[in-house]
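No value in this document is a laboratory result; all are computed from the given coordinates. Treat the numbers as computed from the prediction; the structure is a model and nothing was measured. Here Cβ is always computed from backbone atoms with ideal geometry, including for glycine, and neighbour counts include all displayed protein chains.
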Amino acid sequence: MVRINVTVDGVRHSDDVDPRLLLVHYLRNRLGLVGTPVGCDTSNCGSCTVLVDNRSAKSCTMLAVQADGTEITTVQGLADGQWHPVQKAFHESHALQCGYCTPGMMLAAIDLLSENSDPSEEEIRHGLEGNLCRCTGYQNIVAAVRSAALAMGGAQPAAADQMRAEVAS
Amino acid sequence: MTATVDKAESVLGQPMRRKEDARLITGQTQWTDNVTLPGMVHMAVLRSPMAHARITRVDVTAARERPGVVAAYTGTDLADSWSSLPMAWTVSEDLKTPPHMPLASDKVRYVGDGVAVVIATDPYAAADALEAIEADYEPLPAVVDMPAALADGAPLVHDDIPNNRCFTFRQDWGDFNATRARADVVLKRRFYNQRLIPNAMEPRSVVVAPTSATGQATIWSATQVPHFVRIFLALNTGVPEHQIRVIAPDVGGGFGSKLDIYAEEVIAFVVARKLGKPVKWTETRSENYQATIHGRDVIQEVELTATADGRVLGLKVDLTADMGGYLQLLTPSIPLLGRYMYPGIYKFEAHTLTCQGVFTNKTPTDAYRGAGRPEATFVIERIIDELAAELSMDPIEVRRRNWIRHEEFPYTTVVGLTYDSGNYEAATARALELFRYDELRREQAERRDRGDTVQLGLGTSTYTEMCGLAPSRWLGETGYAAGGWESATVRMLATGRVEVVTGTSPHGQGHETTFAQIAANSLGVPYDDVDVIHGDTLTAPIGLDTYGSRSLAVGGVAVQMAAQKVVEKARALASHLMEVDPGDLEFQAGAFRVKGTPGAEKSIQEIAFGAFAAHSLPDGMQPVLTADHIVDPEVFSYPHGTHLCAVEVDTETGLTKIRSYVAVDDVGKVVNPMIVDGQVHGGVAQGIAQALFEEAVYDDDGNLISGTMVDYLVPTALDLPAFVTDRTETPATTNPLGVKGVGEAGTIASTPAVVNAVVDAVRPFGISDVQMPCTPERVWRAIQQGRAAGGPAPKGTIAYGGPQTATTAGGAE
């Protein structure tokens with residue numbers, strides 16, 4: 001057993017863990033933070049994406065011990081009294097259907113927007129390449145990220161945004 | 001658009017934001033794998049590493065000694081605890097349904113067939129202990145290839161089923177041979193709808209809590225069909241249905257793969273009752289690839305007869321369909337679900353369909369989004385393009401000459417189905433306009449003239465489909481064990497809120513939103529006051545669940561009918577309370593008003609409180625404003641549409657890139673356009689994935705080569721284009737909402753549109769087909785073979801670039 005200290009969604013935890021315990025299982029089974037789901041076993045799908053020190057990481061590819069000393073944000077820590085602009089945009093743009101990929105997709109999007117506050121459609125598609133969705137065909141996810149960028153003030157409205165706004169109304 | 005619509009304004013047809021989203025975007029979702037119960041233990045399944053072998057020994061003794069292990073069982077240990085898993089569709093008299101035990105004890109029949117289970121206090125301990133199980137096998141030759149499986153002398157998957165033939169089926173409508181005798185053109189093609197892995201993002205999971213010694217149990221399952229699961233467990237174990245509660249909590253996608261009764265549901269049920277402890281099993285993704293059903297895998301030999309001016313006469317289709325190692329719930333019916341769809345939207349004189357089902361040593365197949373209808377649509381839409389090429393006609397023009405014209409509805413097709421409504425001209429005209437078809441054809445010709453490395457191809461699919469599974473009588477006639485009705489309850493509560501209970505069981509479709517819209521519209525109450533309850537056999541005891549694009553066209557109609565019954569009861573009570581004749585009351589925007597007397601009104605929510613308090617009811621009226629309704633439609637629903645795809649194919653690398661994709665669908669009346677668009681986006685994405693990316697590949701020994709997400713290409717955001725979607729609206733005339741199904745339409749439509757585009761791009765190289773998925777390697781090889789066989793088609797032929805005909809320029813006829 002190895003002692004780790006992590007802050008998850010603003011709460012500090014100190015736990016003894018098996019060295020082989022995956023971070024996602026630590027979050028789900030030890031801390032009960034089941035908002036972060038597991039979709040595969042080869043780190044392809046990205047469903048389990050969380051932010052580790054503000055960078056997106058697939059929590060199935062990290063051991064809990066590797067997270068020692070870090071600050072982790074899961075989907076359950078995103079809303080701060082009110083929904084994060086990305087959560088709001090996913091809802092408004094109908095960027096989710098079954099919702100299984102959604103936590104990971106939103107956290108990957110937040111990481112993308114922290115690096116590039118005004119991403120083009122192509123850049124969004126590149127940025128989310130590590131996260132699979134089987135329901136939406138990605139169309140509304142791309143639109144949601146674009147609209148979150150506008151809402152967060154980092155992006156200038158483009159012609160495409162205007163078209164999307166008209167379609168959505 | 002905001003999520004709240006004024007009470008007076010109809011919410012039907014509005015893009016209401018989804019009620020489901022709040023929990024899904026905040027991580028408050030209840031997936032089955034999230035369920036944790038006191039004393040819960042974890043199950044892991046030992047699976048066969050061989051495709052075909054006799055089991056000579058399975059010894060779990062050492063596994064039982066491993067730390068944390070509570071129990072371990074072989075198939076033999078539990079053989080008396082269960083019977084065969086169910087198969088519900090007897091498609092022919094000669095159908096062979098071999099026993100399918102939850103754990104194999106004599107032979108294994110595919111890589112992934114379960115042979116033993118370990119139960120431990122921790123999932124890691126359970127997985128570790130699998131390694132301590134000693135399993136010995138005597139390998140047998142694997143049966144992988146369908147034609148080889150049918151050959152005399154082939155190894156037998158099931159010892160008593162000769163030639164591995166599961167069933168044969170033949171149906172003739174009209175005289176196909178007579179059309180051949182008259183035809184100017186006879187086209188023959190062999191298509192292959194490859195094997196696909198459904199890939200719902202949530203892996204399957206089941207938790208069973210045995211809550212009493214009498215056998216009462218609660219089962220959480222990531223299933224599309226909680227009601228089916230309850231019926232089967234009751235039949236299989238003798239436990240009365242009221243003691244079995246099946247909950248499908250939030251379910252993360254299904255696409256048909258969760259429309260089944262799976263071995264692990266039964267094993268977990270049996271083991272939990274044996275141990276008296278809650279048991280959880282959740283599959284890994286790699287396990288999902290082996291042990292959750294696959295889709296498609298049908299060889300299609302096609303023959304089309306036509307006249308020289310492009311009129312189709314007859315269609316003959318011979319199917320060979322891979323069942324896999326066993327029959328799951330609906331396995332043999334899937335290739336035949338498309339049996340009536342091969343003629344598509346065209347006026348044929350004759351159609352012959354044959355089908356044989358084949359056992360192989362592969363994962364069982366079953367329903368995958370579209371289930372039989374994508375296969376049919378692929379054939380008809382591909383061969384119509386081939387006919388156009390053969391006759392040097394534009395593919396749109398060939399379709400126009402043969403499709404059912406809008407004034408001809410209702411139209412009974414050659415196979416006897418009556419399409420109630422449709423307007424193929426309007427959908428096609430709109431699609432051509434959005435696509436800029438003429439411009440793209442011109443650009444295609446220019447690129448061919450220049451001999452560009454990157455060539456342009458245009459593909460069309462003017463599909464229809466039959467959905468809204470449903471008519472119980474039809475289902476019975478085709479050998480299905482159950483019906484296709486659906487139930488709803490609408491209750492108005494004392495608080496004024498409305499509960500809608502549906503027997504459908506959503507897993508991403510948004511029923512909590514759309515069904516609330518239907519009820520809010522009928523009752524005239526605010527959308528925010530309506531809650532939809534589903535997916536739990538305790539709270540929604542009567543239902544037949546969600547698949548086959550049935551939820552709205554069957555379940556939604558049941559909601560509408562139940563809500564109307566509530567309004568009628570409310571009218572009687574309003575008349576009593578307001579002391580007026582019911583005929584003098586009008587009901588509008590949720591209130592009963594006395595005609596011609598302004599101000600005299602009572603809202604339906606006030607009436608609901610009156611019905612709850614029951615202080616003053618008319619004689620004979622029961623308290624509480626509630627109504628049930630069960631709908632069993634007499635016919636299917638027939639959505640249709642025109643999908644157009646433009647691809648750029650790099651002739652040096654074979655890489656295909658989708659340049660534009662236009663989908664104009666007609667799904668009748670739309671309850672929520674935002675959700676309909678979402679269904680189309682996702683459906684089109686899955687159809688494109690079949691056309692270009694996905695295939696479950698087995699080696700000669702029956703090993704699944706594409707056994708993980710690393711090897712099986714589920715498309716990412718980067719692999720897919722932005723789609724242009726639009727709709728025409730021709731209401732269904734066969735249900736009161738005027739709706740048609742939409743869940744499968746995009747998948748059914750898109751695959752042939754994309755492959756037609758790929759073939760169109762490279763047809764000048766003498767290519768008339770590229771097998772799916774049209775990977776760069778396959779396209780490149782096709783080009784090399786085409787060049788070797790004689791090279792580009794001559795200028796001036798349609799294969800070269802195609803002359804534009806006057807009637808292809810758009811505009812409804």
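Taking the Cα centre of chain B as the origin, how large is its charge dipole in debye, to the nearest 20, when only Lys and Arg (+1) and Asp and Glu (-1) carry charge on their Cβ atoms?
Dipole size: approximately 320 debye.
Can you pull the semi-axes for the stretch B:126-247, root of five times each eigenvalue of the Cα gyration tensor, sorted largest first, whole Å?
Sorted largest first and rounded, they come to 44, 26, 17 Å.
What order, most packed first, do the peptides A:125-135, B:722-732 have when packing is the mean number of other Cβ atoms within 10 Å of each residue?
Per-residue Cβ counts within 10 Å, averaged per peptide and sorted highest first, yield A:125-135, B:722-732.
Across the residues of A:85-96, average count of Cβ atoms on other protein chains within 10 Å?
The mean count of partner-chain Cβ atoms within 10 Å per residue comes to 4.
Across the stretch B:417-426, in residue order, what do the Karplus-derived ³J(HN,Hα) couplings come to in whole Hz, using 6.51 cos²θ - 1.76 cosθ + 1.60 with θ = phi - 60° and x for Gly and Pro?
7, 9, 6, 6, 7, x, 8, 5, 4, 5
What is the Cα centroid distance between the stretch B:8-49 and the stretch A:59-130, reported in whole angstrom?
18 Å
Excluding A:CYS48 itself, calculate the net charge of residues whose Cβ lies under 13 Å from the Cβ of A:CYS48, where each Lys or Arg counts +1 and each Asp or Glu counts -1.
So the environment of A:CYS48 carries a net charge of 0.
Under 17 Å between alpha carbons, and skipping anything fewer than 8 positions from B:LYS274 in its own chain: which lysines qualify?
none
Is the C-alpha gyration tensor of chain B telling us rounded, prolate or oblate? Criteria: a/c under 1.5 is rounded; beyond that, a/b larger than b/c is prolate, otherwise oblate.
Cα axes put chain B in the oblate bin.
Students often get this wrong, so check it: of B:LYS565/B:LYS740; A:LYS88/B:LYS258; B:LYS19/B:LYS595, which have C-alpha atoms separated by over 28 Å? All intermediate terms of the calculation are to be shown ahead of the outcome.
Values: B:LYS565/B:LYS740 23 Å; A:LYS88/B:LYS258 30 Å; B:LYS19/B:LYS595 36 Å.
Too far apart for the 28 Å limit: A:LYS88/B:LYS258; B:LYS19/B:LYS595.
Indicate the gyration tensor shape class of the stretch B:553-624 (rounded, prolate or oblate), computed on the Cα atoms with a ≥ b ≥ c the square roots of the eigenvalues: a/c under 1.5 is rounded; otherwise a/b larger than b/c is prolate and the rest oblate. Let's see the in-between values first.
Working: a/c = 2.10, a/b = 1.31, b/c = 1.61.
Judged from the Cα gyration tensor, the stretch B:553-624 comes out oblate (a/c at least 1.5, b/c at or above a/b).
At a Cα cut-off below 20 Å, give the aspartates and glutamates reachable from B:LYS569, other chains included and same-chain residues fewer than 8 away excluded.
Straight-line reach from B:LYS569, under 20 Å: B:GLU499, B:ASP529, B:GLU579, B:ASP581, B:ASP584, B:GLU586, B:GLU601, B:GLU606, B:ASP619, B:ASP628.
Once the other residues with Cβ under 11 Å from the Cβ of B:ARG473 are scored (Lys, Arg +1; Asp, Glu -1), what is the net sum?
Charge balance near B:ARG473 sits at -3.
Mean residue ellipticity at 222 nm from the helices of chain B, using -39,500 (n - 2.57) per DSSP H segment of n ≥ 4 over the full residue count, to the nearest 500 deg cm²/dmol?
-8000 deg cm²/dmol
Averaged over B:193-206, how many beta carbons belonging to a partner chain fall within 10 Å of each residue's beta carbon? Don't skip to the end; give the middle numbers.
Values: counts 0, 0, 0, 0, 0, 1, 5, 5, 17, 9, 8, 0, 0, 0.
Mean number of neighbouring Cβ atoms from other chains: 3.
Per 10 Å bin, what percent of the C-alpha pairs of the stretch B:1-158 does each bin hold, from zero upward?
Here the calculated profile for the stretch B:1-158 is 9, 24, 24, 16, 14, 10, 4, 0.
Please order B:SER421, B:SER487 by the number of other Cβ within 10 Å, starting at the fewest.
Values: B:SER421 20, B:SER487 24.
The most exposed by this proxy come first: B:SER421, B:SER487.
Report Rg/Rh for the stretch B:674-740, rounded to two decimals, where Rg is the Cα radius of gyration and Rh the Kirkwood radius.
Checking Rg against Rh, the ratio lands at 1.18.
Trypsin sites (Lys or Arg not before Pro) within the stretch B:613-671: which are DSSP loop residues with at most 12 other Cβ atoms inside 10 Å?
Sparse-neighbourhood loop trypsin sites (Lys or Arg not before Pro): none present.
Going highest first, how would you order B:433-439, B:297-303 by mean Cβ packing within 10 Å?
Per-residue Cβ counts within 10 Å, averaged per peptide and sorted highest first, yield B:297-303, B:433-439.
Can you report the principal axis dimensions of the stretch B:53-129 using only the alpha carbons, biggest first, rounded to whole angstrom?
51, 24, 24
Would you tell me the mean number of C-beta atoms belonging to other protein chains that fall within 10 Å of each C-beta in B:285-292, as a whole number?
Numbers: counts 8, 3, 1, 3, 1, 0, 0, 0.
For peptide B:285-292, the averaged partner shielding equals 2.
On each of the three principal axes of the Cα atoms of the protein assembly as shown, give max minus min coordinate, whole Å, ordered largest first.
Largest first, the protein assembly as shown extends 86, 77, 63 Å along its Cα principal axes.
Sorted by average packing, counted as other Cβ atoms within 10 angstrom per residue and highest first, what order do B:153-166, B:380-393 take? Numbers along the way, then the final one.
On the way: B:153-166: 16.1, B:380-393: 22.8.
In decreasing order of mean packing, B:153-166, B:380-393 become B:380-393, B:153-166.
When a/c is below 1.5 the answer is rounded, else prolate if a/b is larger than b/c, else oblate, so apply that to the stretch B:19-66 with a ≥ b ≥ c taken from the square roots of the Cα gyration tensor eigenvalues.
oblate
Which residue, chosen from B:PRO147, B:LEU544, B:VAL664, occupies the Cα position most advanced towards the positive end of the dipole of the protein assembly as shown, where the dipole is computed from +1 (Lys, Arg) and -1 (Asp, Glu) charges on Cβ about the Cα centre?
It is B:LEU544.
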